[in-house]
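Notes follow the structure.
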Amino acid sequence: MNDNNNNNNDAGGVGEEIPDDDDDIEALPPAQIEEMRTDNNSNWRTFSIAFDNFEEVSSDEGGIFLSSSNFSCFGHTWRIDLYPAGDDGSLDGTVAIFLHRVSEGKEIDIKYSFVIKGDTEEICFKDSRAFDENCSWGEYSFVYRSVLTDRYLHRGVLKIYVSMQLREYIPKNPASSIMLKLFGDDKSADVVFEVAGGDKQKHFDEDDDLNSSESSTQFHAHRLFLQHHSSELAALCATSEGMKPIHIIDVKPSVFRLLLYYVYGGEISEKEFVANSMDLIKAADKYGVVNLKLEAEVWYVHDTTITIDNVIDLLHYAGAMNCALLSEAVMDFIVANKEEVIRKVSFQNVPGDMYKDLLAAMTRYYEEDSEEDSEEDDDDDEDNDDDEEKSHVETSFSKMRIRDLRQKLNEKGMDVDGSRDTLIAALMEHPFK
């Protein structure tokens, strides 16, 4: 526990001035706080707190701390206190961090965690404590400062994720489990899908006889659920009267079952994703289950080794299935192995729109050590300011990775599927929102 009777480098609320008459205070911009979206079934609340220019904070004197802006959670006001050079009781060279309860009131029991994410790893501290008025709990030796500055800063920004949960039993909303119990329930179902062919059959042609000896599988479903998760399947339901089976001839039964299971709120396992990722991408793309398609694409990209021999095939597949993440991974491979690719790979039949993705990959690759673009002179015509700013934002979007573009669109409540150009065009409709 920490009583916070030390020097306070208070980043304050956004827009507040940092006092300049105290030699012990490092002047930094206010820490930016944003509450992250969490699973509706989760009782955790997570906040992202960004400390700009962290590497510029003095590491010579312990006991000086940065305070985030105040934020509200579970009816109380909180802040994060970060000690860049440690506090009394910290190991030499380590950073201390504490969750501080600001508001008054009765004691509250909290589970909490601090997480800092790197490109391939993360630092995490978890604890459970009772917080009284004006008290802090945390970790005196959270991480060595040198580790933070070497591996975890992004453009000089240190981002810390703070998660909090009440230490009480809180039952989950049963709606999702009720939906899942209705999966495959033939008694309450009002529509039936009949999927032709066994799993050994890779493809099923439309000319094949649905009544042949090759077995078919029936799946019972509910029109109401399908209307909100798959407009394509809902449209098929509209063509069917009563419980007359709707024939599906282009998806394996096991894959269609996974698709319906996902629609009903089920979680598909990593093993199932890896084993069926291409089939799930195709089925989810055809029937408009966007989130399933994107999740299957992530697993496919992580499970696929890109080589000189398959790079063009993967590029064509990414284009056919509109898999922007896969296309980006292929482009990164091409740029990283450019000399061998030039010698051994023919781009004769590559679609022309792929070259824009290639340029984006090249920009990311060669910009790692480059400086940011210089600003225009201040005496430019004011009439051009908006156009220039919009152009700058579009250029910034064009350099982003697909995951970041999708995240931005998701935060705006917009469609996250599509090519790089489609995602950027959607963001540019409201670039400054």
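Throughout, read-outs are computed from the coordinates displayed, never taken from laboratory work. Owing to the predicted nature of the structure, the values given are computational and were not obtained by experimental measurement. As a convention, Cβ positions derive from the backbone with ideal geometry for all residues, glycine included, and neighbour counts pool all protein chains shown.
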inquiry  = Residues of the stretch 221-236 with the amide nitrogen closer than 17 Å to a label point 7 Å from the Cα of N322, along Cα-to-Cβ, please.
reply    = 229-235
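Starting from the Cα-Cα distance between F347 and V157, subtract it from 0.36 nm times their residue separation and give me the gain in nm to one decimal. Show your work: numbers first, answer last.
On the way: separation 190, 0.36 × 190 = 68.40 nm, distance 3.98 nm.
Length gained between F347 and V157: 64.4 nm.
Quick check: net charge around V192, other residues with Cβ under 14 Å of its Cβ, Lys/Arg +1 and Asp/Glu -1? Intermediate values should be presented prior to the final figure.
Values: positive: K187, R223, K244, R257; negative: D185, D186, D190, E194, E241.
Result for the neighbourhood of V192: -1.
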query = In terms of modelled amide H atoms, which long-range or inter-chain residues lie less than 5 Å from the amide H of F131?
reply = I108, D109, I110
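Pull out a ≥ b ≥ c, the square roots of the eigenvalues of the alpha-carbon gyration tensor of the stretch 114-181, then state rounded if a/c is under 1.5, prolate if not and a/b is larger than b/c, and oblate in the remaining case.
Verdict is oblate for the stretch 114-181.
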